[in-house]
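These notes are about the structure you will find just below.
The numbers here are math on the coordinates, done by the rules we state, and not lab data. Quick caveat: nothing in here was measured; it's all calculated off a predicted structure. For neighbour counting, all protein chains shown are included, and Cβ atoms are generated from backbone atoms with ideal geometry for every residue, glycine included.
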Amino acid sequence: MDAVHAAALAPPVDHLNGSRDLVRYDDQTVLLLPHTTADATLLVSRVLGELIQHDSERGTQYLNTLRVMLRVDRVLAAGRGRTAHPQADARLPVKGIEQLTGRGLTKTEHFAELWIALQSYDLLIGHATGTTR
């Protein structure tokens, strides 16, 4: 793994309550975040694998729709015009995303898993998304 990918996958600095404590890269309590390219690849495969395969095989835009939905914090109206789907049909791709990933956009746990997996995927493929906070 090259240094750029290793640095990008390292856990972020904690800014809660004004704290500037660094989360240690080797801290085993931070298991959800991928530490290596192999970890990131496995996470992407488990969470987004079927979605990516579906888009590839059928020419759908579920991954891009998911990216937009995560960027606008699940607010369908805020994503209008940013996806290939008209606003009236926006619920259809969301249902497809939920079926393919087994995760919805209403539960915080699912939202976090999808967001982390998508960030990992974008880092692996070198895609700049602007979805970091």
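Okay, here's what the table says:
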| quantity | calculated |
| --- | --- |
| Gained length - residue 98 relative to residue 41, 0.36 nm times residue gap less alpha-carbon distance | 18.5 nm |
| Separation of the residue 56 and residue 125 label points, Cα + 7 Å toward Cβ, nm | 1.0 nm |
| Residue 107 paired with residue 64, simple spin-label distance in nm, labels 7 Å along Cα-to-beta-carbon | 2.9 nm |
